[in-house]
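Asker: Structure in C-alpha cells, see below.
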Amino acid sequence: MANVGLQFRASAGDADPQSRPLLLLGQLHHLHRVPWSHVRGKLLPRVTEELWQAALSTLNPSPTDSCPLYLNYATVAALPSRVSRHNSPSAAHFVTRLVRTCLPPGTHRCILMVCERSDAFASACALARAFPLFTQRSGASRRLEKKTVTVEFFLVGQDNGPVEVSTLQCLTSATEGVRLAARIVDTPCSEMNTDTFLEEIKKVGKELGIVPTVIRDEELKTRGFGGIYGVGKAALHPPALAVLSHTPDGATQTIAWVGKGIVYDTGGLSMKGKTTMPGMKRDCGGAAAVLGAFRAAVKQGFKDTLHAVFCLAENSVGPSATRPDDIHLLYSGKTVEINNTDAEGRLVLADGVSYACKDLGADIILDIATLTGAQGIATGKYHAAVLTNSAEWEAACAKAGRQCGDLVHPLVYCPELHFSEFTSAVADMKNSVADRDNGPSSCAGLFIASHIGFDWPGVWVHLDIAAPVHAGERATGFGVALLLALFGRASEDPLLNLVSPLGCEVDAQEGDAERDSKKRRLV
C-alpha cells in the first residue's frame, strides 16, 4: 500500500473491470439507489444488469457483507445498515476494513463510494486509512511501479447533487493529512527522531509559506521549559518546542493545537517492560495529528489565527536522565516532583499549553496526546477520550467524532475530587497519581490543565488518543479528521462547515426527511 496514490474525482470514468478493477461500497439501501446507467460503464462487458441486481439481492450485511461480481476484478460490499448512537453514521471503521479486504488487486483501481453528502468526509478519511504510506519491506523497494486508486462518490439522499471541485479538494487535503500523520506514527524512532520530526514540520511550513519557531536543547532549559527539557535531555537527539503559526487578516480568535510528540517512550528510568515497550514509536501520535490537520486546515482557508505547537522529545535512558524524586520547574512557574518518569507526556504538554496561554495568547487551547494506557480501558479502542472545562465543547467533540469517524467519548471532569491525587510534600505537585483506581485518564488531563489554571477563562480541551491512534500494528492517522471537523466553522470550506458541530443549531434546522433518514441509520 505504500506506493499507492489516492485520487478523488467527480467521475472516475468508464473502464472494463478487467483493466481497472472496481469496488462498489455503501450501505445496502444506498446501493439499491444507484441506477444501472451510472455503473454500467464501469462493469460492462463483464457484469450485466441482471447480475448486478442479483448480487445486490444476495447481500445480507451483519454487520458487513460482500459479493464478487466478476472473478477478483469487481466486487460490491455492503456496510452496516444501522449503527448505535455512539458510532458514526458513516460506519467509518467498517469502510476501512472492507477496503482492505475487498478491494481487488491491480495497478489502477477504482472505488465507487455510495453515501449521503454528510458522510462523504468521514468515508474519505476512512478510505485513506486503508492505504498506509510507510513500509520497509524489502519487496516494496523493488516495486517501482506507482499504483493509483481513483475514488468517485455517488451521493444519495436529499443533498445528492454532483460532487463539487471544492469538495474534492477538501477530501484530498484531509486524506493527505491523515496519511501524513499515519506515516509519521508508523516510522520507527531510528528514522523518526526529534531531528526528523522537525524536518517534517519545516517541510509543511515551507509548503504553506510559514517559518516555524523552534526552541530546543539547552535553550529550553534556559527559557524555563523544564518539562520538555527534563523528559528529553538524556536522548541523543535533543528535545524541542516547535510552533507553526497561521495568522490571517481579519481573525477574530486565537486557537492553539498542542501535540504530544514523544518520538519514543522507553518509560525513562521507570522503564517499561518487554511487552509494553514495543509500539512506543506511536507516542508522537498527537503531534503527528496536529501537523496533518494544520496543513489541511490552512490549505482549506482557516479564517482564525491558528498555532500548531509541537512538544518533541525522546524519553530515553542515560546518565543525564531524569530520576524519580527530581523536581522540575515547568514553564507555568510551577514545580513538579517526579515520581514516575513514565508519566512524561503530561510534562511536555504542560509546557506546551503554558506557552500557548502566556506567549501565544490563545483563546482556545486543545491538546492531543497518546497520554494514558487507561484511556483504552475508559473509552475503548475506537473512541478517544475528551476532558474539557466546557460542557459545550465536550458535546461538540462527541458530535464531531460521529460526523468525521474519529470517535470521541467524554471523561469525568471534576478537578475538586481528582487533582488531590498529585499532592506533593516538597513541590507544587507530583507528576503521577497516588491512586491508579481513581480515574487516571481524567487525572492525567487535569495535570495538564493545572498549568494554565482551572480558573482560566478560555476553552481548554484535552484529547487522549492512546488506543485509537493505531489499529493492530498500523497507525490510523487518528485526530486529523477530528480537528478539521471540530473547527470546521473556522474554515472557508463548505464541506468542513457541513461536518462541524459548532456555530449552528444543526438539530433545529434539520428537515423532516433528513431526521427520518438519520433515524433509519441510528439506534
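Asker: Any idea which of (1) of a type in the set (A, V, I, L, M, F, W, C); (2) surrounded by fewer than 24 Cβ atoms within 10 Å (Cβ to Cβ); (3) over 24 Å from residue 290 (Cβ atoms) is the one residue 151 doesn't satisfy?
Answerer: With respect to (1) of a type in the set (A, V, I, L, M, F, W, C); (2) surrounded by fewer than 24 Cβ atoms within 10 Å (Cβ to Cβ); (3) over 24 Å from residue 290 (Cβ atoms), residue 151 is out only on (2).
Asker: Please report, ordered by residue number, the helices (runs of 4 or more DSSP H) entirely within the stretch 153-229 with at least 3 residues that are at pLDDT 95 or above and of a type in the set (Lys, Arg).
Answerer: Details: elements: 165-186, 194-208, 218-222.
Output list reads 194-208.
Asker: Only one residue in 105, 89, 68, 132 is open to solvent by 60 Å² or more (accessible area, probe 1.4 Å) and in contact (Cβ under 8 Å) with a residue 60 or more places away in the chain, so which one is that?
Answerer: Of the residues listed, the single one that is open to solvent by 60 Å² or more (accessible area, probe 1.4 Å) and in contact (Cβ under 8 Å) with a residue 60 or more places away in the chain is 105.
Asker: On to the next question. Under 6 Å between Cβ atoms, which residue pairs at least 6 apart in sequence (or on different chains) link something in the stretch 473-488 that is in the same structural domain as residue 400 (by the TED database) and closer than 16 Å to residue 303 by Cβ with a partner that is of a type outside the set (D, E, K, R) and surrounded by fewer than 24 Cβ atoms within 10 Å (Cβ to Cβ)?
Answerer: Once the first residue is in the same structural domain as residue 400 (by the TED database) and closer than 16 Å to residue 303 by Cβ and sits in the stretch 473-488, its partners that are of a type outside the set (D, E, K, R) and surrounded by fewer than 24 Cβ atoms within 10 Å (Cβ to Cβ) give 488/497.
Asker: Quick one: count up the residues across the stretch 443-455 that are in contact with a helix residue (DSSP H, G or I) (Cβ under 7 Å, 6 or more places away or on another chain) and assigned to a loop (DSSP other than H, G, I, E, B).
Answerer: 4
Asker: Can I ask one more? Against the condition open to solvent by 10 Å² or more (accessible area, probe 1.4 Å) and not assigned by the TED database to the domain that holds residue 487, how does residue 253 come out, does it pass? Before you say what the answer is, go through the steps one by one.
Answerer: Details: open to solvent by 10 Å² or more (accessible area, probe 1.4 Å): yes; not assigned by the TED database to the domain that holds residue 487: no.
For residue 253, the condition - open to solvent by 10 Å² or more (accessible area, probe 1.4 Å) and not assigned by the TED database to the domain that holds residue 487 - is not met.
Asker: Here is a follow-up. Can you pull out the residues in the stretch 245-289 that are assigned to a strand (DSSP E or B) and within 18 Å of the chain's Cα centre (by Cα)? So that I can check it myself, show each step before the final result.
Answerer: Of the residues in the stretch 245-289, the ones assigned to a strand (DSSP E or B) are 245-246, 254-265.
Residues satisfying the conditions are 255, 256, 257, 258, 259, 260, 261, 262, 263.
Asker: Hey, which of the helices (runs of 4 or more DSSP H) in the stretch 327-442, taking only ones fully inside, have at least 3 residues that are closer than 25 Å to residue 458 by Cβ and over 27 Å from the mean Cα position of the chain (by Cα)? Outline the logic, then answer.
Answerer: Details: elements: 345-358, 374-379, 391-404, 415-418.
Counting at least 3 such residues, we get 415-418.
Asker: Still on this structure, I have one more. Hey, among the residues in the stretch 230-244 that are touching a helix residue (DSSP H, G or I) at 6+ places or on another chain (Cβ under 7 Å), assigned to a loop (DSSP other than H, G, I, E, B) and closer than 24 Å to residue 325 by Cβ, which one's least open to solvent (accessible area, probe 1.4 Å)?
Answerer: The extreme case among them is 239.
Asker: Inside the stretch 380-435, can you point out the residues that are open to solvent by 20 Å² or more (accessible area, probe 1.4 Å), β-branched (Val, Ile, Thr) and farther than 16 Å from residue 346 by Cα?
Answerer: Those that are open to solvent by 20 Å² or more (accessible area, probe 1.4 Å), β-branched (Val, Ile, Thr) and farther than 16 Å from residue 346 by Cα: 412, 426.
Asker: Does the stretch 443-488 hold any residues that are of a type in the set (D, E, K, R) and surrounded by fewer than 22 Cβ atoms within 10 Å (Cβ to Cβ), and which are they? Explain how you work it out, then say what you get.
Answerer: Step one: filter the stretch 443-488 for residues of a type in the set (D, E, K, R), giving 455, 464, 473-474.
Within the stretch 443-488, 455, 473, 474 qualify.
Asker: Of these, 463, 496, 484, which one is modelled with pLDDT of 95 or more, assigned to a helix (DSSP H, G or I) and closer than 30 Å to residue 281 by Cα? Reasoning before the result, please.
Answerer: Details: 463 fails: assigned to a helix (DSSP H, G or I); 496 fails: closer than 30 Å to residue 281 by Cα.
The conditions single out 484.
Asker: Same structure, new question: Are any residues in the stretch 55-81 of a type in the set (A, V, I, L, M) and in contact with a strand residue (DSSP E or B) (Cβ under 9 Å, 6 or more places away or on another chain), and if so, which ones? Write out each step before concluding.
Answerer: Step one: list which residues in the stretch 55-81 are of a type in the set (A, V, I, L, M), which gives 55-56, 59, 69, 71, 74, 76-79.
Passing the criteria: 55, 56, 59, 69, 74, 76, 77, 78, 79.
Asker: Looking at residue 4 and the list (1) more than 34 Å from the chain's Cα centre (by Cα); (2) surrounded by 13 or more Cβ atoms within 10 Å (Cβ to Cβ), which single condition is not satisfied?
Answerer: (1)
Asker: List the pairs whose first member sits in the stretch 13-26 and is touching a residue at least 12 places away in the same chain (Cβ under 8 Å), whose second member is of a type in the set (Phe, Trp, Tyr), and whose Cβ atoms are under 8 Å apart, counting only residues at least 6 apart or on separate chains?
Answerer: 17/70; 17/73; 18/70; 18/73; 21/73; 22/73; 26/154
Asker: Restricting to the stretch 84-99, count the residues that are basic (Lys, Arg) and within 24 Å of residue 175 (Cβ to Cβ). Talk me through it step by step, then tell me what you get.
Answerer: Initial filter on the stretch 84-99 (basic (Lys, Arg)): 85, 97.
If we keep only those that are within 24 Å of residue 175 (Cβ to Cβ) as well, we get 97.
Within the stretch 84-99, residues that are basic (Lys, Arg) and within 24 Å of residue 175 (Cβ to Cβ) number 1.
Asker: Right, another one. Given the residues 376, 345, 361, which is the only one that is under 19 Å from residue 478 (Cβ atoms) and open to solvent by 10 Å² or more (accessible area, probe 1.4 Å)?
Answerer: Values: 345 fails: open to solvent by 10 Å² or more (accessible area, probe 1.4 Å); 361 fails: under 19 Å from residue 478 (Cβ atoms).
None of the other options fit; the residue is 376.
Asker: Within the stretch 219-227, is even one residue among the aromatic types (Phe, Trp, Tyr), in the same structural domain as residue 464 (by the TED database) and open to solvent by less than 10 Å² (accessible area, probe 1.4 Å)?
Answerer: In the first step, residues of the stretch 219-227 are kept if they are among the aromatic types (Phe, Trp, Tyr); the result is 225.
Imposing the further condition that a residue be in the same structural domain as residue 464 (by the TED database) reduces the set to 225.
Pick out the ones that are also open to solvent by less than 10 Å² (accessible area, probe 1.4 Å) and you get 225.
Within the stretch 219-227, one or more residues are among the aromatic types (Phe, Trp, Tyr), in the same structural domain as residue 464 (by the TED database) and open to solvent by less than 10 Å² (accessible area, probe 1.4 Å).
Asker: Could I ask something else about it? Scan the stretch 281-320 residue by residue and report those that are surrounded by fewer than 20 Cβ atoms within 10 Å (Cβ to Cβ) and aliphatic (A, V, I, L, M).
Answerer: Scanning the stretch 281-320 gives a single hit, 317.
Asker: Against the conditions (1) open to solvent by 60 Å² or more (accessible area, probe 1.4 Å); (2) modelled with pLDDT under 95; (3) farther than 20 Å from residue 174 by Cβ, where does residue 81 fall short? Just the number, please.
Answerer: For residue 81, the exception is condition (1).
The values are calculated or read from the model by the stated rules, or taken from the named source; none is laboratory data. These numbers were taken from a predicted model, which means no experiment stands behind them. Heads up, the Cβs are rebuilt from the backbone with ideal geometry, glycines too, and the neighbour counts pull from every protein chain shown. Only protein heavy atoms, including side chains, enter the accessible area calculation; ligands, DNA and RNA are left aside. Shrake-Rupley method; radii C 1.70, N 1.55, O 1.52, S 1.80 Å.
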